[in-house]
Amino acid sequence: MNTHDLPLAPAGGCGDGCACGADPDDDTYMECGLDPALAALLTEAGLDPVEVEDLAHVALQEDLADGVDVTTVATIPEEAVATADFTAREAGVVAGLRVAEAVLSVVCADEFEVERHVEDGDRVEAGQRLLSVTTRTQDLLTAERSALNLLCRMSGIATATRAWADALEGTKARVRDTRKTTPGLRALEKYAVRCGGGVNHRMSLADAALVKDNHVIAAGGVAQAFRAVRESFPEVPIEVEVDTLHQLREVVDAGADLILLDNFTPGECEEAVAVVAGRAALEASGRLTLGNARAYADTGVDYLAVGALTHSSPILDIGLDLRAAE
């Protein structure tokens, strides 16, 4: 449990020694106003500090609407300082603590101090302190909802993912997300999946191909669609969705890297594993629930695709509590 002083970086730029990794001499340089130490932690987590800072600004702008927090400004003296605790209201897996710090960094007019009690990916219990922050009281209360919205959302995804990962423990299957994410929050939501023990599918339409039923119809067949992608983008990994064992044989013979078994039963998945015989990775999709996850995993498939991780997970209830004056 460490205490860190995180001064707000000068507005409008990284300043000397910023850890966001950007090159100010590059034409594509985007400035990062977060503290270098916080930017470094976000980068280590696989998050872009500039993107996180931008999301923090968007969330705060939505909340403030070019005005001020009228309740807080009216009731709290400007010079007042307080300590507040982010506290879990229920058990789960936490994700997004550094993102919450980024929101505070954008709001805080003065330096603020954080005490980190847990890390992203940790299991927590109801009543457990996650993060303690000392700074101007007005800033704490103005940042509260924006920070909690992101932290609760990400922690809910991590908690749901951990339940699936636990159900698959002892098998080779891994639970995997999809692109069914909240617009603008994909990087954060997929990071939360990783915190919960899941793995990520492609981040965008550009980094891998997924041949689905509409592509098959447009191309005139599943094997034709696969070959068209392979010829146009020979270096890109290709996954192909199939509905039948006949289609499966076609695409595995054509050389598919990964095959998505759409709405197959566990028995059909077991047949598919035998047909493929290790020549491609297999991903089960559709019909999946926590109740049948183990049955699918035991067939020998490599992944279970669960869109609900990001499109339907409930939040993890987390609150921000000001400590009473001593």
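Miscellaneous remarks
- Rounded, prolate or oblate (a/c below 1.5 giving rounded, otherwise prolate when a/b exceeds b/c) for region 260-320 by Cα gyration tensor: prolate
- Distance (nanometres) between label positions extended 7 Å along Cα→Cβ at residue 51 and residue 169: 3.0
- Shape call, the chain: gyration tensor on alpha carbons, a/c limit 1.5: prolate
- Cβ-placed point charges (K, R +1; D, E -1), dipole of region 107-265 about Cα centre in debye, nearest 20: 240
- Shape call, region 165-311: gyration tensor on alpha carbons, a/c limit 1.5: oblate
- Built amide H within the under 5 Å cut-off of residue 90, gap 5+: 127, 317
- Distance-filtered residues of region 155-197 - backbone nitrogen under 14 Å, label point 7 angstrom along residue 311 Cα→Cβ: 177-183
- Charge dipole magnitude, Cβ of K and R +1, D and E -1 - the chain, Cα centre, debye nearest 20: 1540
- Rounded to the nearest whole angstrom, the semi-axes of the ellipsoid equivalent to region 142-207, taken from the Cα gyration tensor as √(5λ), stand at 23, 17, 7, largest first.
- For region 296-302, Karplus couplings with θ = phi - 60° (6.51, -1.76, 1.60), whole Hz, Gly/Pro x: 5, 4, 5, 6, x, 5, 8
- Springs join every pair of Cα atoms under 10 Å in this Gaussian network model of the chain, and among 197, 33, 221 the largest mean-square fluctuation is at 221.
- Protection proxy ranking, highest mean first, for peptides 83-91, 138-146, 316-324: 138-146, 83-91, 316-324, where packing is the per-residue count of other beta-carbon atoms within 10 Å, averaged.
- Residues residue 324 and residue 111, FRET efficiency given R0 of 30 Å [Cβ-Cβ distance, rounded to 0.05]: 0.85
- A simple spin-label model places the labels of residue 214 and residue 79 6.2 nm from each other, with each point 7 Å out along Cα-to-Cβ.
- Nonlocal amide H pairs with residue 83, under 5 Å, H built at 1.01 Å: 323
Values in this text are rule-based calculations from the coordinates and carry no lab data. Owing to the predicted nature of the structure, the values given are computational and were not obtained by experimental measurement. Because the Cβ atoms are built from the backbone with ideal geometry, glycine has one as well, and the counts that use them run over all protein chains shown.
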